[in-house]
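To start, the structure under review is shown below, and the notes come after it.
Bear in mind that the values in this text are calculations on the coordinates, not laboratory data. Model, not experiment: these values are computed from the prediction. Don't worry about glycine lacking a Cβ; one is built from the backbone with ideal geometry, like all the others, and counts go over all protein chains shown.
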Amino acid sequence: MIVIHSEEHRLQAGRSELNDGQLVPCYEKPARADIVRARIEAVGLGPIVEPTRHGIAPLERVHDAGYLGFLQTAWDDWVAEHGADIDALPLNWVAPGMSRRRVPRSIDGRLGFYSFDAGTPITAGTWRAATSAADSALTGADRLRAGDRSAFALCRPPGHHAGHAFYGGYCFLNNAAIAAQSLRDGGAARVAVLDVDYHHGNGTQEIFWERGDVLFVSIHADPADEFPYFCGHADETGAGVGDGANLNLTLPWGTDWNAYAQALAVAAARIREFGADALVLSLGADTYGGDPISRFRLVSEDFLRMGAAIAGIGLPTLFVLEGGYAVDDLGVNVANVLTGFEQV
Ligand SMILES: NCCCNCCCCCC(O)(O)C(F)(F)F
Ligand SMILES: [Zn+2]
């Protein structure tokens, strides 16, 4: 399995995030990619290559042009107002009943206009890091189009919380959605996205909400209890021609492999029934029992079983890294999914 990875991920190194009322060091940090890369090399999963640059066009196939323009200038606009010693974080958002008709001139206003949390710092390197992650996912999509059975885009920052025109949950560009759209544009008639991150992929859901050509399936902690809280419920099935092409499988805190495997079997059956030509797998490993911000109870061996179950779907598969914050074990857990897949 080829692995695509850019050193430019290191350019996203936020100082702090707002979590549970406090500014704390960022959980989504460069060491995450380093430990995954080291394990991938140790197990000899496959060659590790740099992404090819794809420019802004594939990003515009998924994201709003005004949002992309904002992301490109946000840091400079922030520095002009607040200086370069503090990362850019929003301080207020659009609440129900407030107007979203005008984009504010203020950088503080635009940070809130285009985001949904204060846990996702924009820094000097955010744009370059985020575009390098999107290029990794796009390069992986190119490999599937060239006939590879699988590829792994070792992406940082992650993407599945980023929507058409918003960022949050450590995500700026939706790497998995950008790759899925690239596969569609490259000739795949139907593409499935399966999200196994502990958190609901609200961004991916929003992007494909009214699309019947891309199936989105997510297995995640019940949003009644867990971030991102406001969507991801089982009754969210899509809209218009997309109705029925969105499947949310929610699980309670404390979920172990037995329960998780049953949800994964339902997801696999739905994907087979959909008749996709390719699968994009949003691979978060924060379902791990040792994860500091999550509350499922998978153990490292379960990730081997997860990889085998994904292989059982029988589609060319692009793995795209999302979350996972038990950094010491992240490499083993991610590599186990990929190894489990390859062994089928
Ligand atoms: N008390 C709850 C704090 C929640 N803090 C934000 C959690 C973000 C999770 C991000 C992720 O793991 O879903 C991704 F894959 F996108 F990286
Ligand atoms: Zn997550």
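What are the semi-axes of the equivalent ellipsoid for the range 16-145, taken as the square roots of 5 times the Cα gyration tensor eigenvalues, largest first, in whole Å? Each step should come with its number before you reach the end.
Numbers: eigenvalues 190, 80, 36 Å².
Here the semi-axes work out to 31, 20, 14 Å.
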Under a point spin-label approximation (7 Å from Cα along Cα-to-Cβ), what is the Asp85-Ile56 distance to one decimal in nm?
3.3
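Using only the C-alpha atoms of the range 114-208, find the volume of their convex hull and express it per residue in Å³. Could the numbers behind the result be given before it?
Working: hull volume 9.1 nm³, N = 95.
Per residue, the Cα convex hull of the range 114-208 comes to 96 Å³.
Could you list Ser300, Ser282, Ser99, Ser182 so that the one with the fewest beta carbons within 10 Å of its beta carbon is first and the one with the most is last?
Working: Ser300 16, Ser282 31, Ser99 6, Ser182 26.
Sorted ascending by nearby Cβ count, the order is Ser99, Ser300, Ser182, Ser282.
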Using the Kirkwood radius over Cα pairs of the chain, the Stokes-Einstein translational diffusion coefficient at 25 °C and 0.890 mPa s, in µm²/s and rounded to a whole number, is 125
Sorted largest first, the C-alpha extents of the range 255-344 along its principal axes in whole angstrom are 37, 22, 20
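Under the Kirkwood approximation applied to all pairs of distinct alpha-carbon atoms, what is the hydrodynamic radius of the range 66-126 in Å?
On the way: mean 1/r = 0.0841 Å⁻¹.
Radius from the Kirkwood sum: 11.9 Å.
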Can you give me the relative contact order of the chain as a percent, contacts being Cα pairs under 8 Å and 6 or more apart?
19
Gain in length, Gln72 to Asn92, computed as 0.36 nm per residue apart minus the alpha-carbon separation, to one decimal in nm?
5.1 nm
Looking at the chain as a GNM with Cα springs under 10 Å, which of Phe70, Phe216, Phe208 has the largest mean-square fluctuation?
Phe70
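Considering all alpha-carbon pairs of the range 189-344, what whole percent are spaced by more than 18 angstrom? Display every interim value, and only then the final one.
Numbers: 6387 of 12090 pairs.
Considering the range 189-344, 53 percent of its Cα-Cα pairs are separated by more than 18 Å.
What is the sum of charges, Lys and Arg at +1 and Asp and Glu at -1, for the other residues whose Cβ falls under 15 Å from the Cβ of Val24?
On the way: positive: Arg15, Lys29; negative: Glu17, Asp20, Glu28, Asp87, Asp117.
Net of charged neighbours comes to -3.
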How many angstrom lie between the Cα centre of the range 307-334 and the Cα centre of the range 53-110?
31
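State the antiparallel share, in %, of DSSP beta bridges confined to the range 129-282, rounding to the nearest 5.
Values: 2 of 18 bridges.
Within the range 129-282, antiparallel bridges account for around 10 percent of the total.
Please label the shape of the range 1-76 as rounded, prolate or oblate, based on the square roots a ≥ b ≥ c of the eigenvalues of the alpha-carbon gyration tensor (a/c under 1.5 means rounded; beyond that, a/b larger than b/c means prolate, else oblate). List each step's numbers first, then the result.
Numbers: a/c = 2.77, a/b = 1.17, b/c = 2.37.
In terms of gyration-tensor shape, oblate.
By the scheme Lys and Arg +1, Asp and Glu -1, what is the net charge of all other residues having a beta-carbon under 10 Å from that of Ala261? Don't jump to the answer; show the numbers that get you there.
Working: positive: Arg305; negative: Asp256, Asp302.
So the surrounding residues net to -1.
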1/(1 + (r/R0)^6) with r = Cβ-Cβ of Ala265 and Arg105, R0 = 45 Å, i.e. FRET efficiency to nearest 0.05, evaluates to 0.30
In a GNM of the chain with a 10 Å cut-off on Cα contacts, which of Tyr198, Tyr27, Tyr229 has the highest mean-square fluctuation?
Tyr229
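Rank by packing, highest mean first: peptides 2-11, 113-122, with packing defined as the count of other Cβ atoms within 10 Å averaged across residues. Kindly include the intermediate steps, with their values, before the conclusion.
Working: 2-11: 20.7, 113-122: 22.7.
Result, highest mean Cβ count within 10 Å first: 113-122, 2-11.
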What distance in nm lies between label points placed 7 Å from Cα along the C-beta direction at Arg295 and Trp253?
0.2
